[in-house]
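Below: the structure, in structure tokens.
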Amino acid sequence: MTYQVEVKDLSVSYDGENVLKNINFNVDGGKLIGIIGPNGAGKSTLMKAVLDLIHRDHGEVLIDGKPMKDVRKKVAYVPQRAAIDWDFPITVQKTVQLGTYPQVGIFRRPGRSEKQWALECLQKVGMDQFAKRQIGELSGGQQQRVFLARALAQKANIFFLDEPFVGIDVTSEALIIGILKELRDAGNSVFVVHHDLTKVEDYFDELLLLNKELITSGPVERVMQPESLKTAYQSQYGLWDTLGVTI
Amino acid sequence: MDFISDIQNYVFLQKALFTSIMVGIICGVIGCFIILRGMALMGDAISHAVLPGIAVSYMLGINYLYGAVFTGLLTSVGIGFISQNSRVKNDSSIGIVFSSFFALGIILIAKAKSTIDLTSILFGNVLSVRSSDMWMTLVIGTIVLLVVILFYKELLVSTFDPTFAASYGLPNRLIHYVLMILLTLVTVASLQTVGVILVVAMLITPASTAYLLTNRLSVMIVLSAAFGAFSAIVGLYFSFEHNLSSGAVIVLVTTVLFLIAFVFSPKQGIFWRYVRIRKNRNGATIRKKESFE
Ligand SMILES: Nc1ncnc2c1ncn2[C@@H]1O[C@H](COP(=O)(O)OP(=O)(O)O)[C@@H](O)[C@H]1O
Ligand SMILES: [Mg+2]
């Protein structure tokens, strides 16, 4: 297994309105990949469509040549923080333990080894001292670390994180990117939705630049060209242009 | 106490007590999932929508459970269908569907001209519980508790984080409809204790009380069931001693428990919040004084 991800001719629409149009890409395994683009570009939608969480109009997603439903246990997904009910009666430790459920399977309860593993994953993100806290009683960065720990608990090989760096502290951000790079170095594929362009050179190996369509993809230097960025961020740059600002 | 010796002497009172406790427990358990999924309104809808099902069952001479489950499910499917296939918001489609079913039920019950008494379905009449009703409640209670225990993990994940659940292949939609079936069963079991109109209170009030008191779903479920059962016992006692409507009294007991938790819950209660604010403020003034000196 190399955890190569191939997307062929993918289109998605909500209520008849096209949100993603004919997306094609093919990423080799063992890479840390940034999905970038302006707000509403369809980054989250792309992630959900690849994960088979929403209906696609047409198109195909293949992981090492296999459809998603055959490789679900190899895949971990960390949703946008806004998508979580932070008042839910659940502790940090239990949240991480949810990551073991796919392996535990139906009718069985997580046992001692699963609980131990969940604690180890919490240690990896430096959150073990908060194990008994309710998940709402954490800072944004801590919450994000807990959900990364849950993804680690899944023992997956392909990781999808939606905007993990939004609204979090620098320590958490450094810790998270460190872990993601470790995962990559161990041969896993890591996809990260990101909308801040400043750090992409430090963070990612490859980029997918998105705005409804895939504008460009490939190594970071090649994607971070003014021309393609201008196409993707058209509306914002258009405003700056009219204000007489040149980039 | 008179009540205890009455229970020992009267079989109808034993049946009433047993059924009410069972109803308190299962409403408390299912109610936790209902409130955490933000489906309180759905609970109210389904409880009202069983009415035409009961009427039709009487007309056909079958057990009213079948008709009730049928219209209960039809309601939840109908609500989903309208909100998914139009721009009508979910709470509006709930309102449209359940009030139509309820209206239809009122007419059908009048037409059925049978022994069913609309008032006792609407408000319950726990002292008229027959043995067959009691057994049905027991069977329903066993089914509900078994499903929740066996699928606890799956119910937890799909309630807390449905997207994560779907990402590893859990059938969220199926889980939703299983919950709707359980909800209908619980409603039917509650008919005689609290009646159609007040079932929703048994579903959401004890669960909300428990929600204020704990950070763990398992503890919340146990507390909620305990509050439901406790309210049933105390409510039955008062309604029997003072000849009041049992459903109404039981519901008011759940409300009293809720108010106590609302005020005194260690983490969420407004009383402790007030004390903490006072303390912080005093602390702040003391510190200010120190800095002056
Ligand atoms: N559930 C939904 N129903 C309808 N439209 C949606 C839904 N989710 C997203 N959209 C729309 O699809 C577009 C892409 O959204 P999204 O994938 O969330 O963008 P991004 O993550 O890049 O900000 C947006 O215009 C958004 O309004
Ligand atoms: Mg997004």
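The values are calculated or read from the model by the stated rules, or taken from the named source; none is laboratory data. Keep in mind that what you see is a predicted model, and the values were worked out from it rather than measured. Every residue, glycine among them, receives a Cβ derived from its backbone with ideal geometry; neighbour counts consider all protein chains shown. Quick note on the areas: whole protein, heavy atoms, side chains included, nothing else; ligands and nucleic acids left out. Shrake-Rupley method; radii C 1.70, N 1.55, O 1.52, S 1.80 Å.
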Of the residues in region B:160-183, those that are part of a helix (DSSP H, G or I), at the interface with chain A (Cβ under 8 Å from one of its Cβ atoms) and either loosely packed, with under 15 Cβ neighbours inside 10 Å or touching a residue at least 24 places away in the same chain (Cβ under 8 Å) (or both) come to B:PHE160
Can you name the residue in region B:248-259 that is open to solvent by 50 Å² or more (accessible area, probe 1.4 Å) and without any contact (Cβ under 8 Å) to a residue 40 or more places away in the chain and is also nearest to B:VAL126 (Cα to Cα) among such residues? B:LEU252
A:ILE84: passes all of (1) closer than 20 Å to B:THR159 by Cβ; (2) open to solvent by less than 40 Å² (accessible area, probe 1.4 Å); (3) more than 16 Å from ligand 2 (Cβ to nearest atom) but (3)
Can you pull out the residues in region A:156-176 that are closer than 18 Å to A:LEU53 by Cα and within 16 Å of ligand 1 (Cβ to nearest atom)? A:PHE160, A:LEU161, A:ASP162, A:GLU163
Matching residues in region B:116-151 - criterion: being among the hydroxyl-bearing types (Ser, Thr, Tyr), in contact with a helix residue (DSSP H, G or I) (Cβ under 8 Å, 6 or more places away or on another chain) and open to solvent by 10 Å² or more (accessible area, probe 1.4 Å): B:SER120, B:SER128, B:SER131
When you scan region A:107-116, do you find a residue that is under 16 Å from B:ALA165 (Cβ atoms), touching a Lys or Arg at 6+ places or on another chain (Cβ under 8 Å) and open to solvent by 20 Å² or more (accessible area, probe 1.4 Å), even just one? no
The residue that is nearest to ligand 2 (Cβ to nearest atom), considering only those in region A:176-186 that are open to solvent by 10 Å² or more (accessible area, probe 1.4 Å) and in contact with a helix residue (DSSP H, G or I) (Cβ under 7 Å, 6 or more places away or on another chain), is A:ILE177
Out of everything in region A:96-105 that is modelled with pLDDT of 95 or more and more than 8 Å from chain B (Cβ to nearest Cβ), what residue ends up being surrounded by the fewest Cβ atoms within 10 Å (Cβ to Cβ)? A:THR100
In this structure, is A:ARG133 within 14 Å of chain B (Cβ to nearest Cβ), basic (Lys, Arg) and away from ligand 1 (no atom under 16 Å from the Cβ)? yes
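Given the criteria among the hydrophobic types (A, V, I, L, M, F, W, C), in contact (Cβ under 8 Å) with a residue 12 or more places away in the chain and farther than 18 Å from B:LEU179 by Cα, does B:LEU73 qualify?
In short, no.
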Given the criterion within 14 Å of another protein chain (Cβ to nearest Cβ) and β-branched (Val, Ile, Thr), identify the matching residue among A:VAL92, A:VAL27, A:VAL12. A:VAL92
When restricted to B:VAL222, B:VAL196, the only residue assigned to a helix (DSSP H, G or I) and crowded, with 24+ Cβ neighbours inside 10 Å is B:VAL196
Identify, from the list A:ARG72, A:ARG108, the residue that is at the interface with chain B (Cβ under 7 Å from one of its Cβ atoms) and of a type in the set (D, E, K, R). A:ARG72
